[in-house]
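To start, the structure under review is shown below, and the notes come after it.
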């Protein structure tokens, strides 16, 4: 098909006319877009400052601010395409279908999102708490929408999905403010039990970081084939727990050496293959 110059001129005139007629919508849409983006940033900043002034939980503040940010962005996008002449009802239907498809393909992520909301709402732990969950122990450094970030004793970062975290068992070591150390010291059957317990009690009483209430406990834990096991259970504030744990063991060893009491080494019992 060969177009003559008159047809080309007609097409060009039509295109220019449509462009001129449509340009106000494009300009208006761009104005709405730029003004909207600036307003969203301003509103988000104001909301964050307001929640911080009201001493809301930092995790909750970040979460609500992020949700509000994305809701406003979606509304702005709908306003822009409506200004361009796209039917918003059709777009909402398309968005709903896309949301359903994405939801089916991202069921795990949605589970993590719901778990994050449950953690933020019911607060089984907060940032700075030391917890044990999913076989990991660490200090909570951040609660994100989909994952919770822990820092363990080796300064390794652990990411735990919020879905598994909210549905599993969580041990919060920080919630009560103090903890008990469960130590075991083994002595031989030749040792005077009362003397050994008195020495351990003296060690516990001499450590100012061991709490007086609850009272530390020293008792016989078990009688094995080769040793008497003594349970030593001092209490300490969370920030002193690690130091109290190691100091108690070291001080008991030094005190036993002074009293000529030998700590019985651990002996693993082995089965007789010929029995």
Query raised in the report: In Å and whole numbers, how far do the C-alpha atoms of the range 124-172 stretch along each principal axis, longest first?
Result: 26, 20, 17
Query raised in the report: Mind checking the log10 I(q)/I(0) for the range 178-258 at q = 0.21 Å⁻¹? Debye, one equal scatterer per Cα, no solvent, two decimals.
Result: -0.91
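Each reported figure results from applying straightforward, stated rules to the coordinates on display, with no laboratory input. Treat the numbers as computed from the prediction; the structure is a model and nothing was measured.
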